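**Student:** Provided herewith is a single structure, encoded as structure tokens, for subsequent inquiry.
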């Protein structure tokens, strides 16, 4: 029996392509497994924090990312910036003004494939009744029926009037680095 490598290679390539090209759809954000964090500089030192409460919706198909959409509602009162004093200060009117504006909301307007399981999520972020467009590059890792969406972006606090008044100087960095890891089961 004569082995024909070209035919074998074509069959293997076809099988690999068929497996890798299968659509994967993700929805129902698993909040318990997800995380939203931030870092900024204060007096020259890096400060790390998280938001403990948020809800998200996701309708994402890897074969049709242009039809995908996502929303994220972050409870700003759930901030943990490392100390009770910082957490209390950040809820005041000069910062998030959580008594008036308890939520930050991201609503996608478009999602575009960039290749290599990377996507560009474009949308509107609303903080303190100010809405600004943002774009975030997101890396998708799919493992055992779970989608892990990881991304980061820099938020300029002046764009949302966060840290006004005595905090408007350089004590706290103007740019806040936001990172997220959103976990969603495959449907």
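**Student:** Given the criterion farther than 15 Å from residue 151 by Cβ, crowded, with 17+ Cβ neighbours inside 10 Å and touching a strand residue (DSSP E or B) at 6+ places or on another chain (Cβ under 9 Å), identify the matching residue among 76, 72.
**Tutor:** 76
**Student:** Can you list the strands (runs of 3 or more DSSP E) found entirely within the range 117-187 that contain at least 1 residues being touching a helix residue (DSSP H, G or I) at 6+ places or on another chain (Cβ under 6 Å)?
**Tutor:** Output list reads 118-127, 130-143, 175-185.
**Student:** Out of (1) over 11 Å from the mean Cα position of the chain (by Cα); (2) without any contact (Cβ under 8 Å) to a residue 24 or more places away in the chain; (3) surrounded by 13 or more Cβ atoms within 10 Å (Cβ to Cβ), what's the single condition that is false for residue 137?
**Tutor:** (1)
**Student:** For the range 41-69: of the residues being within 24 Å of residue 145 (Cα to Cα) and in contact (Cβ under 8 Å) with a residue 60 or more places away in the chain, which is surrounded by the most Cβ atoms within 10 Å (Cβ to Cβ)?
**Tutor:** Filtering the range 41-69 for residues that are within 24 Å of residue 145 (Cα to Cα) and in contact (Cβ under 8 Å) with a residue 60 or more places away in the chain, the one surrounded by the most Cβ atoms within 10 Å (Cβ to Cβ) comes out as 60.
**Student:** While we're here: If a residue has to be without any contact (Cβ under 8 Å) to a residue 24 or more places away in the chain and either crowded, with 17+ Cβ neighbours inside 10 Å or within 13 Å of the chain's Cα centre (by Cα) (or both) to count, how many in the range 103-117 make the cut?
**Tutor:** Going through the range 103-117 one residue at a time, the tally reaches 0.
**Student:** Among the residues of the range 30-40 satisfying the criterion of being buried (at least 17 other Cβ atoms within 10 Å of the Cβ) and under 15 Å from the mean Cα position of the chain (by Cα), which is farthest from residue 72 (Cα to Cα)?
**Tutor:** 38
Bear in mind these aren't lab numbers, they're just calculated from the coordinates by the rules spelled out. From a predicted model like this one, the values you see are computed outputs, not experimental measurements. Here the Cβ is made from the backbone with ideal geometry for all residues, glycine too, and neighbour counts use every protein chain on show.
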